[in-house]
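Structure first, then comments.
What follows is calculated from the coordinates using simple rules that are stated; it is not laboratory data. These numbers come from a predicted model, not from an experiment. Backbone-built Cβ (ideal geometry, glycine too); neighbour counts: all protein chains shown.
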Amino acid sequence: MALGNFTPVAALSHSTLVKTKDTEGWYKLTGDKTPLWRTACGGQLRTKAGGKSKDIVVTGSFPKLFVDDISADPLKLEASNFVVDFKQDGDINVSGTQVGKLSVDDVKMQSAETDGITFKQIAINSDAVTKDSVSDTKVVYALTDLVFEDKVKLGSVELSMNFDRVYAPAISALSKLISDSNLQNDMDSVDGPTAQKMMELVLQALEHKPVLRVEPLRWYTAAGESKATLRMDFQKPNATLQELQTSPEMWIEAIPAAQLDVLISKPMLRGLAADMDKAEGLSPERGNAAMLDMILDAAVAPYAESNMVKNDENGISTAIKYDGKDRVFDINGQRFTSEQLLGLVLMGMM
């Protein structure tokens, strides 16, 4: 301590949820008692902030983590090896970079009714670069080896999301406006001036033609892999704010192009159905796995006939492109107007 080293080598940290305007509803549900507390055994957390908090470093690790929820439907969480590593250089709303990593192992979430779900690991990685107030951000989520009620192995899930050409000041101001107005709890209560300000900020962001990309969303097991990719381009509609307020349908111009590709693996679904049957004590002949292919084929048959989806022994797939200029959809090489597509969807649901 004489050398200025005040970092503890071991500690027991007990935290509770503070009663605020945003959390008072939770307190009402629990008789004015704290609805959430957390206990972390050992570990360390270090932070470092530069001038005006533009340069930030946060690192930490905890070998064990426990969270208890005492609401009407209590949820308990246990985990190990919680690690966080975050670094920001510069002003992320003007010019700067952010790199963040968070992971936790052996996660178990349990409720009073079920044994819950376990994960071998949950990990989040993010990277952001801002130049001239325009940001490119990538976030990757990974949930590894999901098991339901200690019986059914659900496989692993990965999601990679990219947000390109995002005008950071507009998004930051919009987020602050929603937070200050408490709109996240009641969007219907927004007043006229606030709604107009929100639309102005959205139009500012759209001027920079942002892009959302999901590349990809994966759900996979030892038997197979299902995945989806998505790209959506955005732009500012060729209309004034007043025109957009009086004619909301003009907002469709905000999406000039989009593309969605989906593949659902039948071997993966067969394996999951077989595991569920085994967990429930059902024989292969009488369980869900025996009926799966028939149910899937019946569900997609109306759309397969019009070639909106492709269906074979290995999977169900579709490739959809949207052209905002002509307002038509290309689905597996076939062109549909919005009206035609809506009609086919409604027919398939009947």
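Could you give the length gained by full extension between Asp89 and Glu285, i.e. 0.36 nm per residue of separation minus their alpha carbon distance, to one decimal place?
Details: separation 196, 0.36 × 196 = 70.56 nm, distance 6.01 nm.
Extra length available between Asp89 and Glu285 comes to 64.5 nm.
The distance separating the Cα centre of region 247-308 from that of region 188-233 comes to 23 Å. FRET efficiency for the pair Ser61 and Val157, taken as 1/(1 + (r/R0)^6) with r the Cβ-Cβ distance and R0 = 25 Å, rounds to 0.55.
Counting only Cβ charges, +1 for Lys and Arg and -1 for Asp and Glu, the dipole size of region 201-350 around its Cα centre is about 320 debye.
For Thr337 and Lys120, compute 0.36 nm times the residue count separating them, minus their Cα-Cα distance, and round to one decimal in nm. Kindly include the intermediate steps, with their values, before the conclusion.
Numbers: separation 217, 0.36 × 217 = 78.12 nm, distance 4.55 nm.
Difference between extended and current length: 73.6 nm.
Across region 244-264, the residues whose backbone nitrogen lies under 17 Å from the label position 7 Å along the beta-carbon direction of Glu215 are 257-262. Computed from backbone phi with θ = phi - 60° and the Karplus coefficients 6.51, -1.76 and 1.60, the 3J(HN,Hα) list for region 205-221 is 5, 5, 4, 8, 6, x, 9, 10, 10, 10, 9, x, 9, 10, 10, 9, 10 Hz; x is used for glycine and proline.
For a paramagnetic label modelled at 7 Å from the Cα of Asp326 toward its Cβ, which residues of region 228-258 fall within the zone defined by backbone nitrogen distances under 17 Å? Once the point is set 7 Å along Cα→Cβ of Asp326, 256-258 turn out to lie under 17 Å by backbone N, inside region 228-258. Under 5 Å from the amide H of Val328 lie the amide H atoms of Asp323, each residue being 5 or more positions distant or on a separate chain, with H modelled from the backbone and absent for Pro and chain starts. Between Met109 and Gln259, residue separation times 0.36 nm minus the direct Cα-Cα distance comes to 50.5 nm. Summary of packing: across the peptides 280-290, 206-216, the per-residue average of other C-beta atoms within 10 Å ranks them, highest first, as 206-216, 280-290.
Listed here are the pairs Lys153/Lys266; Lys138/Lys227; Lys278/Lys310; Lys151/Lys321; Lys151/Lys266; which of them are more than 28 Å apart at the Cα? Let's see the in-between values first.
Numbers: Lys153/Lys266 16 Å; Lys138/Lys227 18 Å; Lys278/Lys310 30 Å; Lys151/Lys321 40 Å; Lys151/Lys266 21 Å.
Among Lys153/Lys266; Lys138/Lys227; Lys278/Lys310; Lys151/Lys321; Lys151/Lys266, the Cα-Cα distance tops 28 Å for Lys278/Lys310; Lys151/Lys321.
Here the label points at Met294 and Asp132, each 7 Å from Cα along the C-beta direction, are separated by 6.3 nm in the simple model.
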